[in-house]
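Read-outs: derived from the displayed coordinates by stated rules, not from any lab. The structure displayed is predicted, hence computed values, not measured ones. Note: ideal-geometry Cβ built from the backbone for every residue, glycine included; neighbour counts use all protein chains shown.
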Ligand SMILES: [Zn+2]
């Protein structure tokens, strides 16, 4: 696939995936179209060599190719990413009426950079759980698509210090305005939206929901020479998309797997998060015999993909001078002596070797020694599964902003690297 078509697919995926539920559903559609068979966790699995996927909580997904060669001999080539992104989530009883405006109270999900949420044309999407007329409980996904809300800034005339010291109180300052009304309810709005989007359903009562606001400004290629991709949720839907597209090219002889977990931005401790048992459960059903499974894992390797911080020209002192990733110079191997990243010299060597042979540029990152380092699913999955792991990701600016920035070459470089990884037929012994 050529870079332009690849990037267009990525932009479309970002736009169609405002929540982890939509991100998972869209990946499932891609996999189904490519002949992957859906598995149900509540049913027995009879697995033969072939292509499969399974979802959990509608927000995490594992896809795998069970190779014709014995995985005990070949190991499983794995890649991981996360489906969630920092955002504003609607409270259970969110309505507030002030000065004739209906606003919805929000919780802050993950490490949101709050200031960029002002003055954006926001929409709302997520999962709704409801009771139907025949007294059954159902889930469905909704997406208002249109801009239906906004958080207007306070004018500078009313806060002369705004450019020096404006901070955001998430309880008081950030609830978006939906409309001018003193009586409209979230229940009525959701029922109307469900009728619009899913006319075949009969909703008697809304029982619960997980809805988040998002910016309707579509992801785009920007820059004088189209050097950049700007969009929401590049962290980490970019890696989810790259991982799944790479798996489509996997060699059918050897086994490979992509896991995309929810809840990374809030610590990964959930039934569907990387600190939960989802991957472990799927591996135990792929390879039921415990000894064979342990031998397979010992031969396997996980490439944990999550974005890295590019060195920002206006803030270059925030990086170690020798470890400042540049946009469009390739995927970044992330290393941390304190295991905030799971990369070790062996996995670093493996990925470097793979990039060198594929003529794919790559970079290396460590945090400044006097600054705290972020983390990701790599170390958590390594701990849960006991698998050799590498942390890698494309360099970006503005991580956790409502609009992030990546290089327009880097997703494609990472796609090429993971495609080589999944097409590699040799045993994953020590390098
Ligand atoms: Zn991330």
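For this structure, a couple of remarks:
- Those residues of the range 55-71 whose amide nitrogen sits under 14 Å from the label point placed on residue 46, 7 Å along Cα→Cβ: none
- Helix 290-299 axis, angle to the chain major axis (alpha carbon atoms, nearest 10°): 90
- Cα centroids of the range 387-418 and the range 243-316: 16 Å apart.
- Mean-position separation - Cα centroids, the range 112-150 and the range 1-37, in angstrom: 20
- Ranked 209, 101, criterion: other C-beta atoms within 10 Å, fewest first: 101, 209
- The chain: calculated mean residue ellipticity at 222 nm from DSSP helix runs of at least 4, using -39500 (n - 2.57): -8000 deg cm²/dmol
- Largest GNM mean-square fluctuation across 401, 300, 271, computed for the chain with C-alpha springs under 10 Å, falls on 271.
- Going from the residue with the fewest nearby Cβ atoms within 10 Å to the one with the most, 1, 78 rank 1, 78.
- Computed from Cα atoms, the angle from the helix 410-423 axis to the main principal axis of the chain rounds to 40 degrees.
- Gyration tensor (alpha-carbon) shape descriptor, the chain, a/c threshold 1.5: oblate
- Between helix 3-16 and the chain there is an angle of about 40 degrees, using the helix long axis and the longest principal axis of the Cα atoms.
- Neighbour counts of C-beta atoms inside 10 Å place 164, 191 in the sequence 164, 191, starting with the fewest.
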